Each structure stands twice: as structure tokens, then as C-alpha cells.
Amino acid sequence: MKPITRGWLSRAKEDLEVVERIIDAAHLTNIVAFHCQQTIEKTFKSVIEENGDEVPGIHNLVRLYNLIKNRLAVKIDELVLKEISDVYIEARYPGELGLLPYGIPTIEDAQRFYNIAQTVYFNIKEQLNQLEGKIKQT
């Protein structure tokens, strides 16, 4: 695995660790959503980097996913990615409050986003590690 790919994955893991520390704080659910989005974005960008493509300066998870989905063993619900991207915008830009029908994410939303971010991170990291192992064997 390329060092830059490892760098993207390391940063994604840091975002997951932030979420683990604040997941139960009801007043921080928008921050949980932000870091879940960042985890997924950085994980997707690790795949782009590993494949030697130019990493685009975009944050939209659906657009990033569409760039890599044919290379992934795991399939991800694009509606969920859109939801997380929308909440990410709200977390960064308070004027966008209300992208969810009820405002900021609930604790249940935050937990769901965290579970998705974990799944994406660990599945893609495992896939990249397996590819690295196959390359070393040849």
C-alpha cells in the first residue's frame, strides 16, 4: 500500500476515534455526523489514491463513491451517503440547519452514521490490505 494511502486511512481512523469519544453526547450529534462524513470521505479518497488517480477536491460522498464503487467489494447505499453528506454541510454551515426533517441528527442518527462509517472504513481498509498481500505474494 502506498504511504499516501496509509495517510488517508490514518486520518480516517482519527475521525472515527473522535466519534468514539463523543458518540453519547446528545448536544454533539452534528459533530459526530461531521466526523463520520470525514471518515468515509478520507476512506474513499484512500482508494482513489491507491489506484493512482487524482484525488478530487470534493466532499460529496455520493460523487466520491461513484468514482470507486466498481473497485469495491462492499456495496454502500447511496441514499445513506447522501444523507450523511447533507448533514455534513449542516455541521459546517449553520445556516443550512434543517437538512434533516427534524434539524440536527438524533442520537440514533449519530449511532447509525457511526456504524456506517465504521463499516466503510474497516471493509475498505481490509480490502486494501488484502490487495497489498496479493501484490507482495507475486
> Within segment 48-55, is even one residue in a helix (DSSP H, G or I) and either at pLDDT below 90 or small (Gly, Ala, Ser) (or both)?
Replying inline: no
All conditions in (1) modelled with pLDDT under 95; (2) surrounded by 13 or more Cβ atoms within 10 Å (Cβ to Cβ) are true of residue 95 except (2)
In segment 30-40, anything within 14 Å of residue 117 (Cα to Cα) and surrounded by fewer than 24 Cβ atoms within 10 Å (Cβ to Cβ) is listed as 31, 34, 38
Worksheet item: Scanning for something in contact with a helix residue (DSSP H, G or I) (Cβ under 7 Å, 6 or more places away or on another chain), in contact (Cβ under 8 Å) with a residue 24 or more places away in the chain and exposed (fewer than 14 other Cβ atoms within 10 Å of the Cβ), does segment 76-89 turn up at least one residue?
Response: no
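The values are calculated or read from the model by the stated rules, or taken from the named source; none is laboratory data. Note that the structure is a prediction, hence the values are computed from the model and not measured. Heads up, the Cβs are rebuilt from the backbone with ideal geometry, glycines too, and the neighbour counts pull from every protein chain shown.
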